[in-house]
1. Working carefully through the options THR70, THR117, find the one that is in a strand (DSSP E or B) and farther than 19 Å from ILE162 by Cα.
2. Is it true that some residue in the range 102-116 is of a type in the set (A, V, I, L, M) and out of contact with any Leu (no Cβ under 9 Å at 6 or more places or on another chain)?
3. Which condition from (1) touching a residue at least 60 places away in the same chain (Cβ under 8 Å); (2) outside any loop (DSSP other than H, G, I, E, B) is the one that LEU65 breaks?
4. Pick from the range 59-91 the residues that are aliphatic (A, V, I, L, M) and loosely packed, with under 14 Cβ neighbours inside 10 Å: which of them is nearest to PHE131 (Cα to Cα)?
Amino acid sequence: MHSTPTRSQADMARRHRKVALVCAGVAVGMVGMSYAAVPLYRMFCQVTGFGGTTQVAAAPSQTVLDQTITMRFDANVSKKLAWKFVPLERKIELRIGENRIANYRATNTSDRVLTGTATFNVSPESAGIHFNKIECFCFTEQTLQPGESVLMPVSFYVDTEIVNDPNAAHFTQLTLSYTFYPAQAANDASAQVGTPTGNANDGASLNGGSPG
């Protein structure tokens with residue numbers, strides 16, 4: 001014969017159910033926050049230039065200063081992607097605010113179709129907020145046929161506000177770095193919060209030296 005639960009026992013059961021629901025809600029919320037963390041982090045980087053994240057310009061620069069700065073170009077490719085990827089010019093000098101185009105070349109060295117995506121950053125990192133891309137191959141995935149070789153241009157300028165930034169005004173040289181990954185691997189690499197995109201551990205530098 002089963003005994004009828006007392007009032008205290010019923011209250012205890014209700015409290016246990018409430019605690020279980022709260023715990024379940026917290027767990028679901030934590031999962032949701034983990035998925036939201038990556039796009040929020042990317043947005044933060046794009047707005048602040050954190051980690052050397054470059055900016056996207058809606059239009060070319062309209063103001064050019066007499067002051068010049070040196071740009072170096074760094075090219076890297078993941079060991080998981082059978083591409084050769086190099087800048088056509090290692091270094092150029094330009095006026096601050098001047099609109100310029102730099103060209104890279106990518107070659108699919110395999111016997112199959114491969115799609116890659118480029119991650120990128122500027123060093124020193126505090127200059128990232130002043131480096132503006134107008135057009136770039138890095139905005140979309142790139143697919144190369146077996147043996148195909150293509151030019152990959154990037155149109156950019158260094159914003160004139162850099163001369164008013166106490167953290168960046170003294171820079172005389174900037175380095176723009178790209179690392180190509182297989183398309184899905186690039187998304188995974190970008191999701192590693194706090195990891196500079198242009199210095200991937202499994203990327204092989206092709207510029208003959210470290211950026212900086």
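1. Values: THR70 fails: farther than 19 Å from ILE162 by Cα.
The conditions single out THR117.
2. Within the range 102-116 (the criterion being of a type in the set (A, V, I, L, M) and out of contact with any Leu (no Cβ under 9 Å at 6 or more places or on another chain)), the answer is no, since none of the residues qualifies.
3. Here LEU65 meets the rest and fails (2).
4. The residue in question is ALA59.
Residues are listed down the side, and each one gets a yes or a no for (1) in the same structural domain as PHE85 (by TED's automatic domain parsing); (2) surrounded by 22 or more Cβ atoms within 10 Å (Cβ to Cβ); (3) free of Cβ contacts under 8 Å to residues at least 40 places away in the same chain:
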position: ARG105; (1), (2), (3): yes, no, no
position: ASN108; (1), (2), (3): yes, yes, no
position: ALA127; (1), (2), (3): yes, yes, no
position: THR140; (1), (2), (3): yes, no, yes
position: THR143; (1), (2), (3): yes, no, yes
position: VAL154; (1), (2), (3): yes, yes, no
position: VAL158; (1), (2), (3): yes, yes, no
position: THR172; (1), (2), (3): yes, no, no
position: LEU176; (1), (2), (3): yes, yes, no
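The values are calculated or read from the model by the stated rules, or taken from the named source; none is laboratory data. Because the structure is predicted, anything quoted here is derived from the model rather than measured. Positions of Cβ are generated from backbone atoms using ideal geometry, with glycine treated the same way; all protein chains shown enter the neighbour counts.
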